[in-house]
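First comes the structure, then the notes that go with it.
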Amino acid sequence: MQEIRLKTDRRTQLVDITKQVQEALGATNGATAALVYVPHTTAGVTINEDADPALAADIEAAMERIVDDNGGWRHSDADGPNAPSHIRASLMSPQILIPLDGGKLALGTWQGIFFCEFDGPRDRKVYVTPLS
Amino acid sequence: MQEIRLKTDRRTQLVDITKQVQEALGATNGATAALVYVPHTTAGVTINEDADPALAADIEAAMERIVDDNGGWRHSDADGPNAPSHIRASLMSPQILIPLDGGKLALGTWQGIFFCEFDGPRDRKVYVTPLS
Amino acid sequence: MQEIRLKTDRRTQLVDITKQVQEALGATNGATAALVYVPHTTAGVTINEDADPALAADIEAAMERIVDDNGGWRHSDADGPNAPSHIRASLMSPQILIPLDGGKLALGTWQGIFFCEFDGPRDRKVYVTPLS
């Protein structure tokens with residue numbers, strides 16, 4: 001299990017981590033898939049097009065719209081009420097499993113891997129695990 | 001593949017199954033990840049904070065709000081119309097894959113595994129499979 | 001890694017691919033799980049009931065409702081604005097991991113695997129990878 005570290009800048013922010021995931025995999029010795037896992041409860045991971053920055057902004061806006069900030073939520077963390085951040089994390093998923101082809105991520109032509117921050121800015125970690 | 005059995009009490013209900021998943025794994029002999037799989041079509045699984053019960057209630061309320069019960073849905077099971085239960089299950093996901101570290105679930109500090117009931121009360125099963 | 005090819009007919013369309021996934025697995029030689037992976041950014045995969053076609057139609061309608069086509073989105077592909085297609089793909093997930101039992105998909109009684117088209121009609125691919 002390898003660890004990627006990143007720092008987010010905004011409350012809701014998609015960060016392209018495709019390169020870091022491929023680098024963390026290193027020499028995979030015949031592994032057939034890579035697990036990308038987020039060990040946080042207000043962040044997630046997804047795969048989408050990484051060619052147009054406007055799309056990441058659209059996905060950020062959509063997640064804020066699908067779960068309304070003013071929803072009468074009850075949960076508070078030590079640093080304040082943040083239920084929408086947790087709910088958005090569960091909707092997006094804390095993990096993605098990607099097949100490997102000769103040690104390389106078998107991503108589609110337009111696919112990139114995005115860390116999804118829903119309660120930033122924060123220091124974050126991502127675990128990368130090759131599976132056989 | 002190990003099987004966990006549980007009984008839910010309410011129509012929409014998150015149930016913390018972290019301990020049962022760790023116990024079902026048993027001695028994992030060098031496995032690198034654990035697959036938690038729900039073999040039902042009106043239930044799912046997620047990972048989120050398990051310290052504050054109010055958060056589970058917020059997630060339950062959010063899933064009921066994102067998919068409206070009065071949506072003019074067409075599907076009925078033998079026991080009545082329950083399309084929203086099926087749709088919520090697909091939004092949440094029937095599976096989560098979690099990395100293992102020395103045989104233990106490599107969950108983040110605040111993370112717990114929750115079975116997500118969307119059509120309870122029912123008797124339910126969860127499959128736990130170690131992967132190498 | 002095996003490849004399934006399919007052709008979709010409508011903009012938003014769930015296509016049952018359970019049989020094709022089982023066939024693509026072939027002789028799995030003791031594999032313990034099957035990864036179903038969609039290498040596209042406007043399509044995904046889910047598991048749900050495959051007995052009633054009305055349910056697939058309900059899920060299609062729900063995904064179109066949760067992400068509004070008229071959302072003031074900014075992203076355009078070469079062939080026009082399609083941000084909602086990308087956002088629906090991320091909400092649904094590009095992958096599902098299913099446990100195997102004696103080489104067979106350990107699906108629940110009512111479960112089927114559905115390719116989820118969100119920007120059709122198109123020619124599409126699905127990767128199927130057995131994991132040990």
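Brief remarks follow.
- Subset of region B:106-127 that is part of a loop (DSSP other than H, G, I, E, B) and more than 9 Å from chain A (Cβ to nearest Cβ) - its residue that is least open to solvent (accessible area, probe 1.4 Å): B:Phe118
- Any hit, region B:78-98, residues being of a type in the set (Asp, Glu) and over 22 Å from B:Asn48 (Cα atoms): yes
- Residue that is least open to solvent (accessible area, probe 1.4 Å) [pool: residues in region C:2-48 that are acidic (Asp, Glu) and touching a strand residue (DSSP E or B) at 6+ places or on another chain (Cβ under 7 Å)]: C:Asp16
- Filter pass, C:Val45 being within 10 Å of chain A (Cβ to nearest Cβ) and under 23 Å from B:Trp73 (Cα atoms): no
- Among residues of region A:85-105, those that are over 13 Å from the mean Cα position of the chain (by Cα), open to solvent by 10 Å² or more (accessible area, probe 1.4 Å) and either facing another protein chain (nearest Cβ under 8 Å) or in contact (Cβ under 8 Å) with a residue 60 or more places away in the chain (or both), counted: 5
Let's see how each residue does on (1) in contact with a Leu (Cβ under 8 Å, 6 or more places away or on another chain); (2) of a type outside the set (Ser, Thr, Tyr); (3) assigned to a loop (DSSP other than H, G, I, E, B):
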position	(1), (2), (3)
A:Arg10	no, yes, yes
A:Ala34	yes, yes, no
A:Ala56	yes, yes, no
A:Arg65	no, yes, no
A:Gly72	no, yes, yes
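- In a residue-by-residue description of region B:70-82, the property of being away from chain A (no Cβ under 14 Å), closer than 21 Å to B:Val36 by Cα and surrounded by 14 or more Cβ atoms within 10 Å (Cβ to Cβ) applies to no position.
The values are calculated or read from the model by the stated rules, or taken from the named source; none is laboratory data. None of the values given here were measured: they were computed from a predicted structure. Methodologically, a virtual Cβ is constructed for each residue, glycine included, from the backbone with ideal geometry; neighbour enumeration extends over all protein chains shown. We work out accessible area using only protein heavy atoms, side chains counted, and drop any ligands, DNA or RNA first. Shrake-Rupley method; radii C 1.70, N 1.55, O 1.52, S 1.80 Å.
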